[in-house]
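The structure under discussion appears below in the form of C-alpha cells.
The values are calculated or read from the model by the stated rules, or taken from the named source; none is laboratory data. Just so we're clear, the structure is a prediction, and the values are computed from it rather than from any experiment. Here the Cβ positions follow ideal geometry from the backbone for every residue, glycine too, while neighbour counts run over all protein chains shown. All accessible areas refer to the heavy atoms of the entire protein, side chains included, with ligands and DNA or RNA removed. Shrake-Rupley method; radii C 1.70, N 1.55, O 1.52, S 1.80 Å.
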Number of protein chains: 2
Amino acid sequence: MIKLSNLADYAVELMCCIALKPESIRGSASLAEQTKIPLPTASKILGLMVKAGLLVSHRGLNGGFSLGIGADKISITDIIEAVDGPVQLTNCLGEDADDCDRISSCGTRSQWYRINEAVKDALGSVLLSQMIESVPDFIGDGMVDDLPLISKLIN
Amino acid sequence: MIKLSNLADYAVELMCCIALKPESIRGSASLAEQTKIPLPTASKILGLMVKAGLLVSHRGLNGGFSLGIGADKISITDIIEAVDGPVQLTNCLGEDADDCDRISSCGTRSQWYRINEAVKDALGSVLLSQMIESVPDFIGDGMVDDLPLISKLIN
DNA sequence: CCAGAAAAAGACCAAATTGGTCTTTTTAAG
DNA sequence: CTTAAAAAGACCAATTTGGTCTTTTTCTGG
C-alpha cells in the first residue's frame, strides 16, 4: 500500500490544528492532547515544522508554537517534505542517482521525472488554508459527530 | 523521503524489459540477469504481476513470462498497485477507516480524498508503452552509454 | 510415460526504517 | 534566581521490507 508515513499524517493534522487558531500560541502538550498524538512524537514533529520555517516557536514560560507564515502559503507538500524529506519516487531521481548501477541501461528516468513532478503537483495543489476550510472551528472543544462528505463517496 | 518501494521500482523495470520484446517469452533468470535484480526477488515480483493479470506465465521447459495485455493498456499505477497494494495515502481512506479514533474530530478526510485521487491520476497517466518509447531496443544486448535527457534537467 | 526443467507457492530470516521514549540542555517569564 | 517550557539528541522497540530457501506443481521433450 502506498501511504504517507504516520509522522507526515500527524504533521498535517497538527498544522491544521494550529492554523485553526492562528492568533494563539499553543503548547505542545495542548496540541498533543487535542490531536491524540503522543506528546513526545508531537514535539518531534513540531520541531521539524519549526526547522522548516512553517512554525515559529516561543520558548520559556507560556511558550508554544504558532504559524510561521500564512496558512495560504503552506501546501501539503511543504508539510510532508518537512517530515519525510523530498518527494523522490525513485532512487535515480536524487543527487545520488549515480549510485544506480543500472543507469546506463535504463531508459525510463525521464519518464520517472515526469511522474515525480506530477505527484508533487498533486500534493502541492492543496493549501493548508484549504484543508481547514471545511473544519468546524470548535474542534477539540467538544466532540463533533459530523462526518465529512467523503464517507458517502467511498462506501 | 517519499519514495516507492524498491520492489515497485523493480517491477516497473521488469515490465519495461518484457514489453520491449513483446513477442518473446522470457525466463525469470534471463530477466533477472538483464535487469541486475536478484533472481528470487525478480521471481517474486513476476509472480505478483501474473496474479494481477499483467503478465502470463508459461510453465515447464522453455517456459517464462510474457505480457498479459497490451503495453498500452498497462499504467504505472497498475504495476505499482500490484506490488505495493492500493494507493492510499492516509489510513482514513481505506475500509478500516473507522479504526481512526480521530475520525469524528478530523475534518480533513474529504481533502485527503482529493489529494489521493490526484496522486493516483498522476501515476496512472503514464502507460507502460510510454515508458519504453524512448528506450533503445538494444538494451541488455550491450551497454549503452546514452544517458537520458533528464540528467541535464536535474543537475 | 518418464525425466528434467522451469514456474508457483509459501515459509522463513535479516536488515533497515519508523515510531516512539527518555534525558539533558537551553531559553525566557515572572 | 526559580520555574516552566521548548530544543536537541541519544536511544529502544516494533514493523516493514527485501531477500533467501525449500517444496510443490506443471509442462516439454525424449
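Here are the numbers for this structure:
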| quantity | calculated |
| --- | --- |
| Helices (runs of 4 or more DSSP H) contained entirely in the stretch B:1-66, each with at least 2 residues that are surrounded by fewer than 14 Cβ atoms within 10 Å (Cβ to Cβ) | B:28-35, B:39-51 |
| Pair list, Cβ under 6 Å, 6 or more apart: the stretch B:93-121 residue of a type outside the set (G, A, S), other residue modelled with pLDDT under 65 and part of a helix (DSSP H, G or I) | B:R109/A:I150; B:Y113/A:I150 |
| Identity of the residue in the stretch A:67-84, of a type in the set (G, A, S) and within 16 Å of DNA strand D (Cβ to nearest atom), that ends up surrounded by the most Cβ atoms within 10 Å (Cβ to Cβ) | A:A82 |
| Test: residue in the stretch B:128-139 that is closer than 15 Å to A:I115 by Cβ, in contact with a Ser or Thr (Cβ under 8 Å, 6 or more places away or on another chain), modelled with pLDDT of 80 or more and open to solvent by less than 10 Å² (accessible area, probe 1.4 Å) | yes |
| Failed criterion for A:A97 (all others in (1) open to solvent by less than 20 Å² (accessible area, probe 1.4 Å); (2) at pLDDT 90 or above hold) | (2) |
| Selection within the stretch B:15-25 - away from DNA strand D (no atom under 12 Å from the Cβ) and more than 9 Å from chain A (Cβ to nearest Cβ) | B:M15, B:C17, B:I18, B:A19, B:L20, B:K21, B:P22, B:E23, B:S24 |
| Selection count, the stretch B:28-43, where residues are free of Cβ contacts under 8 Å to residues at least 12 places away in the same chain, within 9 Å of DNA strand D (Cβ to nearest atom) and of a type outside the set (A, V, I, L, M, F, W, C) | 2 |
| Residue in the stretch B:51-70 that is more than 9 Å from chain A (Cβ to nearest Cβ) and away from DNA strand C (no atom under 14 Å from the Cβ) present | yes |
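Conditions (1) within 14 Å of DNA strand C (Cβ to nearest atom); (2) more than 22 Å from B:D72 (Cα to Cα); (3) at the interface with chain A (Cβ under 10 Å from one of its Cβ atoms), marked per residue:
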position: B:N6; (1), (2), (3): yes, yes, yes
position: B:D9; (1), (2), (3): yes, no, yes
position: B:E13; (1), (2), (3): no, no, yes
position: B:G27; (1), (2), (3): yes, yes, no
position: B:L31; (1), (2), (3): yes, no, no
position: B:I45; (1), (2), (3): yes, no, no
